[in-house]
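Worksheet: the structure to be examined is printed underneath.
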Amino acid sequence: MCTDESTGQSWTLPDEMATAALGESVALALDGGLVLYLYGPLGAGKTSFARALLTALGVGERIKSPTYTLLESYRTAADTPAWHLDLYRIGDPGELEWLGLDALEDPAAVILVEWAERGLGALPAADLALHLDYAGEGRQALLQAHSARGRHLLGRLQGAALQA
Ligand SMILES: Nc1ncnc2c1ncn2[C@@H]1O[C@H](COP(=O)(O)OP(=O)(O)OP(=O)(O)O)[C@@H](O)[C@H]1O
Ligand SMILES: [Mg+2]
């Protein structure tokens, strides 16, 4: 395991608003493109987080869950391309070929991937990985950096209070 992967920050998220606040905080700390993998069991809050992040970037339309479509594309208020993927239904990363994921190789893009573990090898490398899990009535979040860009973003978030 590379030492980058030990860099992380965790939060307790007592309710959905806290999950959304974390998504907004990441959006506010962002100063360019981002590839973020979202891990966690069914219902852990991956879509809630992604929806808040994309909305905070000024995506004007409703953020749908891409559970059936596998991917949705948006543009942020700054006209940056944004992609939201949900690979729950993917059995093998080879199944992603027909989706034309070449478009995701844009370093300026914001790319959020639920169930990223099902697309490994067919996805751009992650800058950040967010691990969400159940914790009582709420959730626990661990955000880890996997690139220089990710570490920079994590550094901007470190110690920051969640946006209310
Ligand atoms: N911190 C939290 N505490 C309690 N409930 C939460 C929290 N964050 C999100 N939820 C709730 O959990 C439910 C599932 O959320 P969401 O759809 O975002 O999960 P998901 O991880 O995307 O699930 P899936 O794996 O099915 O895509 C929603 O009802 C949401 O309101
Ligand atoms: Mg989801």
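A few remarks follow.
- Nonlocal amide H pairs with THR76, under 5 Å, H built at 1.01 Å: ALA82
- Point-charge dipole on Cβ atoms (K/R +1, D/E -1) for the chain, about Cα centre, debye to 20: 340
- Using every pair of separate Cα atoms, the Kirkwood estimate puts the hydrodynamic radius of the stretch 1-160 at 15.6 angstrom.
- For the stretch 1-89, the convex hull drawn through the C-alpha positions has a volume of 121 cubic angstrom per residue.
- Over the stretch 9-98, relative contact order from alpha-carbon pairs under 8 Å, at least 6 apart, %: 22
- From helices alone, the chain scores -6500 deg cm²/dmol at 222 nm; the rule is -39500 (n - 2.57) for each run of n ≥ 4 DSSP H residues, then divide by the residue total.
- Among residues other than PRO41 with Cβ under 11 Å from its Cβ, the summed charge is +1 (Lys and Arg +1, Asp and Glu -1).
- Put a dot 7 Å past the Cα of ASP102, heading toward its Cβ, do the same for SER10, and the two dots end up 4.3 nm apart.
- Each residue of the stretch 90-96 was assigned a 3J(HN,Hα) from its phi angle through the Karplus expression (A = 6.51, B = -1.76, C = 1.60, θ = phi - 60°), giving 8, x, 8, x, x, 5, 7 Hz with x at Gly and Pro.
- Rounded to whole numbers, the Karplus 3J(HN,Hα) couplings from phi for the stretch 39-49 are 10, x, x, 3, x, 6, x, 4, 5, 4, 5 Hz, using 6.51 cos²θ - 1.76 cosθ + 1.60 with θ = phi - 60°, and x at Gly and Pro.
- Global form of the stretch 97-164, assessed from the alpha-carbon gyration tensor, a/c cut-off 1.5: oblate
- Taking other C-beta atoms within 10 angstrom as a stand-in for reagent exposure, ASP92, ASP86 fall in the order ASP92, ASP86, fewest first.
- Highest-MSF residue in the chain out of GLY23, GLY150, GLY58 [GNM, Cα springs under 10 Å]: GLY58
- Residues of the chain were split at every exposed loop site, defined as trypsin sites (Lys or Arg not before Pro) in a DSSP loop with at most 16 other C-beta atoms within 10 angstrom, and the longest piece left, sites excluded, is 90-164.
- Computed over the chain with a Gaussian network model linking Cα atoms closer than 10 Å, the most mobile of LEU120, LEU53, LEU128 is LEU120.
- Distance between the 7 Å Cα→Cβ label points at ARG156 and ARG89: 3.4 nm.
- For the stretch 136-144, Karplus couplings with θ = phi - 60° (6.51, -1.76, 1.60), whole Hz, Gly/Pro x: x, 7, x, 9, 10, 10, 10, 10, 10
- Distant-in-sequence amide contacts of ILE111, defined by a placed amide H-H separation under 5 Å and a gap of 5 or more residues or a different chain, comprise LEU34, VAL35, LEU36, TRP83.
None of the figures in this text is laboratory data; all of them are computed from the coordinates on show. Treat the numbers as computed from the prediction; the structure is a model and nothing was measured. Glycine also receives a Cβ, built like all others from the backbone with ideal geometry; neighbour counts cover every protein chain displayed.
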